[in-house]
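Participant: Mind having a look at this structure? Questions to follow.
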Amino acid sequence: MTVSSDTISVLHVDDDAAFAELAATFLERDYDRFEVHTVASVSEARKRLDAGAIDCIVSDYEMPDQSGLQFLRAVREDYPELPFILYTGKGSEAIASEAISAGVTDYLQKEAGTSQYTVLANRITNAVDQYRAEQAAETTERKLHQLAEKSDDILFMFDADWDDLLFINSAYEEVLGGSTAELEADSRVFLEYVHPEDQQAVVETMAAVSEGTPEAVEFRIVTGDGDRRLVQAEGKPILDDGEGT
């Protein structure tokens, strides 16, 4: 629901036309990225939202047809992750708590003066940038999974201790004849397919990778059907906050 990678399309819902116009003027004048669409009711907001190209919703709490919280709950049914900022003059801990429970992205109370719009602009920018980063990461992960499933090689990822399986593609079942379910239950069960004389070399390679050293090892496997194959495996550590996986 994005206009472009740079533009931030904001849907501002507020029945106070003068306030909504002032907010839109400030945001668009001082921040080149913003494109603000103002509506005076939740019903109008839903129509505008369904038309697409909205990156963030900024909504008042008290409005004639529905409250901002009711609107938030409706939005979350169709757009679970879309940034939604409750921007209201009716502030209370109870409303804030209820908004958080309903999945609000941020909660901001209206104040006097124009400095509040600077705060609002920062909140919108941070929420949208984080949302886009998460969407991009999900897209990349999905593509990587699709590529992995098309590979004839076994691709897998374990934690640093080799105790938890993080990822395995379907080639594991096709090459070894085992099941991914058994590997998820016991991450070291694949060693049972390794020829007994080669198991120590594989274990040593696993230990080296856990310590942060890339290693390659060639070994024999005995598949679930009893066939014997010679395979070559490469292990590379993936560092995350200083820990290898």
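The values are calculated or read from the model by the stated rules, or taken from the named source; none is laboratory data. These numbers come from a predicted model, not from an experiment. For neighbour counting, all protein chains shown are included, and Cβ atoms are generated from backbone atoms with ideal geometry for every residue, glycine included. Please note that ligands, DNA and RNA were not included when accessible areas were found on the heavy atoms of the full protein model with its side chains. Shrake-Rupley method; radii C 1.70, N 1.55, O 1.52, S 1.80 Å.
Participant: Could you please let me know if ALA96 is outside any loop (DSSP other than H, G, I, E, B) and without any contact (Cβ under 8 Å) to a residue 12 or more places away in the chain?
Facilitator: yes
Participant: Show the residue pairs meeting these rules: Cβ distance below 6 Å; 6+ apart or different chains; first residue within the stretch 126-142 and in contact (Cβ under 8 Å) with a residue 12 or more places away in the chain; second residue open to solvent by less than 80 Å² (accessible area, probe 1.4 Å) and hydroxyl-bearing (Ser, Thr, Tyr).
Facilitator: Pairs found: ALA127/THR105.
Participant: Among the residues of the stretch 110-140, which ones are loosely packed, with under 11 Cβ neighbours inside 10 Å and of a type in the set (A, V, I, L, M)?
Facilitator: Within the stretch 110-140, ALA112, ALA133, ALA137 qualify.
Participant: Let me ask something additional. Looking at the stretch 219-241, I want the residues that are more than 15 Å from HIS195 (Cβ to Cβ) and have a partner that is at pLDDT 90 or above and open to solvent by 50 Å² or more (accessible area, probe 1.4 Å) with Cβ atoms under 6 Å, at least 6 apart or on another chain. Which pairs are those?
Facilitator: GLU234/ALA216; GLY235/GLU215; LYS236/PRO214
Participant: Something else now. In the set ASP6, ASP60, ASP55, ASP14, which member is surrounded by 22 or more Cβ atoms within 10 Å (Cβ to Cβ), touching a residue at least 24 places away in the same chain (Cβ under 8 Å), of a type in the set (Asp, Glu) and within 17 Å of ASN126 (Cβ to Cβ)?
Facilitator: Of ASP6, ASP60, ASP55, ASP14, the one residue that is surrounded by 22 or more Cβ atoms within 10 Å (Cβ to Cβ), touching a residue at least 24 places away in the same chain (Cβ under 8 Å), of a type in the set (Asp, Glu) and within 17 Å of ASN126 (Cβ to Cβ) is ASP55.
Participant: Restricted to the stretch 83-101, and to residues that are within 24 Å of SER9 (Cβ to Cβ) and among the hydrophobic types (A, V, I, L, M, F, W, C), which residue is nearest to the chain's Cα centre (by Cα)?
Facilitator: My answer is PHE84.
Participant: Here's a follow-up. Tell me whether the stretch 181-193 contains one or more residues that are of a type in the set (A, V, I, L, M, F, W, C), over 30 Å from GLU93 (Cα atoms) and modelled with pLDDT under 85.
Facilitator: No.
Participant: Kindly indicate whether any position in the stretch 65-78 is at pLDDT below 95, among the hydrophobic types (A, V, I, L, M, F, W, C) and open to solvent by 40 Å² or more (accessible area, probe 1.4 Å).
Facilitator: Within the stretch 65-78, none of the residues are at pLDDT below 95, among the hydrophobic types (A, V, I, L, M, F, W, C) and open to solvent by 40 Å² or more (accessible area, probe 1.4 Å).
Participant: Which of the residues belonging to the stretch 141-182 are over 26 Å from the mean Cα position of the chain (by Cα) and open to solvent by less than 30 Å² (accessible area, probe 1.4 Å)?
Facilitator: ALA171, TYR172, LEU176, GLY178
Every residue, every condition in (1) at positive phi; (2) touching a residue at least 60 places away in the same chain (Cβ under 8 Å); (3) of a type in the set (Asp, Glu), yes or no:
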position: TYR79; (1), (2), (3): no, yes, no
position: PRO83; (1), (2), (3): no, no, no
position: SER92; (1), (2), (3): no, no, no
position: SER101; (1), (2), (3): no, no, no
position: GLU111; (1), (2), (3): no, no, yes
position: ARG123; (1), (2), (3): no, no, no
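Participant: Right, something else. Within the stretch 54-109, can you find the residues that are of a type in the set (Phe, Trp, Tyr) and over 18 Å from GLU134 (Cβ atoms)?
Facilitator: Listed by number, the residues that qualify are TYR61, PHE71, TYR87, TYR107.
Participant: Going by the structure shown, is MET1 in a loop (DSSP other than H, G, I, E, B), crowded, with 20+ Cβ neighbours inside 10 Å and modelled with pLDDT under 90?
Facilitator: No: the conditions fail for MET1.
Participant: What are the residues in the stretch 99-109 that are in a loop (DSSP other than H, G, I, E, B) and open to solvent by 50 Å² or more (accessible area, probe 1.4 Å), if any?
Facilitator: Passing the criteria: only THR105.
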